[in-house]
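Structure record follows, encoded as C-alpha cells.
The values are calculated or read from the model by the stated rules, or taken from the named source; none is laboratory data. Every value quoted in this text rests on a predicted model; they were computed, and no experiment measured them. Cβ coordinates were reconstructed from backbone atoms using ideal geometry, including for glycine residues, and neighbour counts include every protein chain displayed. SASA here: full protein model, heavy atoms, side chains in, ligands and nucleic acids out. Shrake-Rupley method; radii C 1.70, N 1.55, O 1.52, S 1.80 Å.
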Amino acid sequence: MALPKQSEDFPAWYQAVVKGAELAEPSLVRGTMVIRPYGFAIWERIQQAVDRRIKETGHENLYFPLLIPSKLLEKEAEHVEGFAPEVAVVTQAGGEKLEEPIVIRPTSETIIWATYAKWIQSYRDLPLLYNQWANVVRWELRPRLFLRTTEFLWQEGHTAHETAEEAMAEARTILERVYRETVEDDMALPVRLGRKSASQRFPGAVETLAMEALMRDGRALQAGTSHYLGQNFAKAYDVKFLGRDGKEDYAWASSWGVSTRLVGGLIMAHGDDAGLRLPPALAPIQVVIVPIYRTDEEKAAVTESLTPAVAALKAAGVRVRTDDREEHRPGYKFNEWELKGVPIRLEIGPKDLAKGEIVLYRRDLRQKSPVPLEGLAEYIPGVLAGIQDELFAQALAFREGRTFRPSSYEELKALVKDPGGFIEALWCGRPSCEERVKADTKATIRALPLDPAPVQGLCIVCGEPATELAVWAQAY
Ligand SMILES: [Zn+2]
C-alpha cells in the first residue's frame, strides 16, 4: 500500500497511517473511534509509563462515576461556560424522562470536588493526591482519530492542598517530572514546557501549564496540561478545612491530564513516508523476524537456527515476533512491518545462515547491515537503545531547525505560513495582540516561560514594551 507523502498531504498521510497500521478507525457515532489492538498496545505502554511515574510521585488511583448531576456542573461559572458547548447530557433513562438531566463527564473536577467536601475537614486530611484513569466525552464537531475524538481515554489527577505554594508545586512536579519524563524518555519526543496565556487556560484554572511538541508538518501539539486551580473549585463546592493556625480556609487545588491524543503525537512526530516509526520503549513488537526460504529443506534449516535465537531474545526481555505467515511473500511483510513502525526487522535466509549471519534492518535509519547470529540476544538491546536515542535526536534536531526568532511582524507571519514551527517573539501581554496574530495567521501562543523573567524589547505585534517571550505556532 502506497501512503500519501507527508510533504504533499500531511492530513491524508496521517489518516492512511492510522488506518494502514491498524491503530484505530472511526466508529458509528460521529467523532468516536475504535482503538484496534495494535493501537491499544501502544496506548497501554504510554499509560503504564505515566501511571508508574504518577505512583512514584506519591499519588494513588481511584475511580469516580461517568455520570454527573447537571446541577453540579453549574456551580463553577467559568468551568460550566467553558465546557457547555461540548457537554453531552442524558435526559432520558429507564424509559422515562429524567427530572434532572445527567451530564456525561467532560472532566471530573465537579464531581470530585463535591466529594472532597466530605473528605476534607482538617489540615490533617491534606494533601489528597489522587488520580483516575477514565473515559470522558466532549462533543467534537471536527473529529480526527486520536487527536480530537468525542470520547477519549485519559488520566485525570485531582489534588487538594493546604497552601497555594503546595498546589502550584504539585502542578509543576506533574508537568516537569511525570509528563516530561514520559514523553521525552518513553515517547522519544522533546517538549517545550510553559504557561498558557489567559485565553488558552483551562476553564476554572488560575494557571494552566502545558507541554508542547512539534509535529513534522510544523504544527504544535499540546501533549498534556497541568492546572493550578487556586481555590476556585474549593469555593464552588465549599471545601473548607481547619488549618494549623485554627482558622478555616478553602483548600487549594491542582488538576492534570494526558490522553490518547499522545498516540496521535507519536505518529505525527516520528512517522515518515513509509509509515510509523515507534520508539522501542513503546513498540508492542520491538523486533520482527522474517524468515526467507523457497524449499522445505531451507525452511527447516532457517527455522531450526531461529528457535534458540528467538528464545534468547525473549529471555533478554525483547518483544520479538516471527512472521512465519505462509500466505505472504517477504516483500509484503517488509512493507507491512515498516508501516507499523517496528524498530528492528531481522531477515534470514539460507545464504545468511551459511555465513552465520542475520540481516538487521533499522526502521529509524532505513539501513540494513549483517550481524552475527551468535550473540544476537546480547547485541539487540543495545541497538534498541540506540534507536530510542536516535528518534529523540531526530525530533530534537527537527524542532531546533523549525524554531525561529523573527525580527518583524511581517517575518513572523511569513514563517508561520512557511515552513511553520515554533516562533519565539516578544509580546506585550495584551490579548488584543494575541488575537491579531491568531486572526492573521491562525497561530496561538503555545507557551510562556514557566518562570517569567524580565525582558527588554518591544512586542512584535504592536511595538509597545514587551513583558514576555512567547512561543507561537499553529496547533492541533
Ligand atoms: Zn502588543
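Structural remarks
Residues checked against (1) more than 12 Å from ILE348 (Cβ to Cβ); (2) surrounded by 19 or more Cβ atoms within 10 Å (Cβ to Cβ); (3) out of contact with any strand residue (DSSP E or B) (no Cβ under 7 Å at 6 or more places or on another chain):
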| residue | (1), (2), (3) |
| --- | --- |
| LEU266 | yes, yes, yes |
| ASP272 | yes, yes, yes |
| ARG277 | yes, yes, yes |
| ALA281 | yes, yes, yes |
| ILE289 | no, yes, no |
| ASP296 | yes, no, yes |
| ALA301 | no, no, yes |
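- ARG53 open to solvent by less than 30 Å² (accessible area, probe 1.4 Å), over 20 Å from ARG105 (Cα atoms), basic (Lys, Arg) and modelled with pLDDT of 95 or more: yes
- Pair list, Cβ under 8 Å, 6 or more apart: the stretch 136-156 residue at positive phi, other residue among the basic types (Lys, Arg) and at pLDDT 95 or above: PHE146/ARG261
- Applying the condition of being within 12 Å of the ligand (Cβ to nearest atom) and open to solvent by less than 20 Å² (accessible area, probe 1.4 Å) to the stretch 462-476 and asking which residue is farthest from ARG192 (Cα to Cα) yields ALA466.
- Among the residues making up the stretch 323-351, a single one is open to solvent by less than 50 Å² (accessible area, probe 1.4 Å), closer than 27 Å to GLU374 by Cβ and free of Cβ contacts under 8 Å to residues at least 40 places away in the same chain: ASP323.
- ALA393 satisfies every condition listed in (1) under 21 Å from TYR476 (Cβ atoms); (2) open to solvent by 40 Å² or more (accessible area, probe 1.4 Å); (3) more than 16 Å from the ligand (Cβ to nearest atom); (4) not polar (S, T, N, Q) except (1).
- Considering each residue of the stretch 109-123 in turn, at least one proves to be at pLDDT below 95 and of a type outside the set (A, V, I, L, M, F, W, C).
- When the stretch 200-227 is filtered for residues that are open to solvent by 30 Å² or more (accessible area, probe 1.4 Å), more than 23 Å from PRO343 (Cα to Cα) and at pLDDT 95 or above, the ones remaining, listed by number, are VAL206, GLU207, ARG219, GLN222.
- Scanning the stretch 430-451 for residues that are surrounded by fewer than 18 Cβ atoms within 10 Å (Cβ to Cβ) and either within 16 Å of the ligand (Cβ to nearest atom) or assigned by TED's automatic domain parsing to the domain that holds SER199 (or both) turns up ARG430, PRO431, SER432, GLU435, ARG436, LYS438, ALA439, ASP440.
- Odd one out for SER197, checked against (1) touching an Asp or Glu at 6+ places or on another chain (Cβ under 7 Å); (2) over 22 Å from TRP43 (Cα atoms); (3) open to solvent by 10 Å² or more (accessible area, probe 1.4 Å): (3)
- Restricting attention to the stretch 407-429, the residues that are at positive phi and either within 15 Å of the ligand (Cβ to nearest atom) or open to solvent by 20 Å² or more (accessible area, probe 1.4 Å) (or both) total 1.
- Against the numbered list (1) open to solvent by 30 Å² or more (accessible area, probe 1.4 Å); (2) basic (Lys, Arg); (3) outside the structural domain of ARG294 (by TED's automatic domain parsing); (4) away from the ligand (no atom under 16 Å from the Cβ), ARG362 comes up short only at (3).
- Any chance VAL290 is touching a residue at least 24 places away in the same chain (Cβ under 8 Å) and part of a strand (DSSP E or B): yes
- Checking each residue in the stretch 121-139 for being open to solvent by 30 Å² or more (accessible area, probe 1.4 Å) and either in a strand (DSSP E or B) or among the charged types (D, E, K, R) (or both) picks out ARG124, ASP125, LEU129, TYR130, TRP133, ASN135, ARG138.
- Candidates ALA377, ALA393, ALA354: the one that is farther than 16 Å from LEU282 by Cβ and not assigned by TED's automatic domain parsing to the domain that holds ALA301 is ALA393.
- Residues of the stretch 89-120 that turn out to be free of Cβ contacts under 8 Å to residues at least 60 places away in the same chain and open to solvent by less than 30 Å² (accessible area, probe 1.4 Å), as a count: 7
- From the options PRO65, PRO85, residue that is in the same structural domain as GLY265 (by TED's automatic domain parsing) and in a loop (DSSP other than H, G, I, E, B): PRO65
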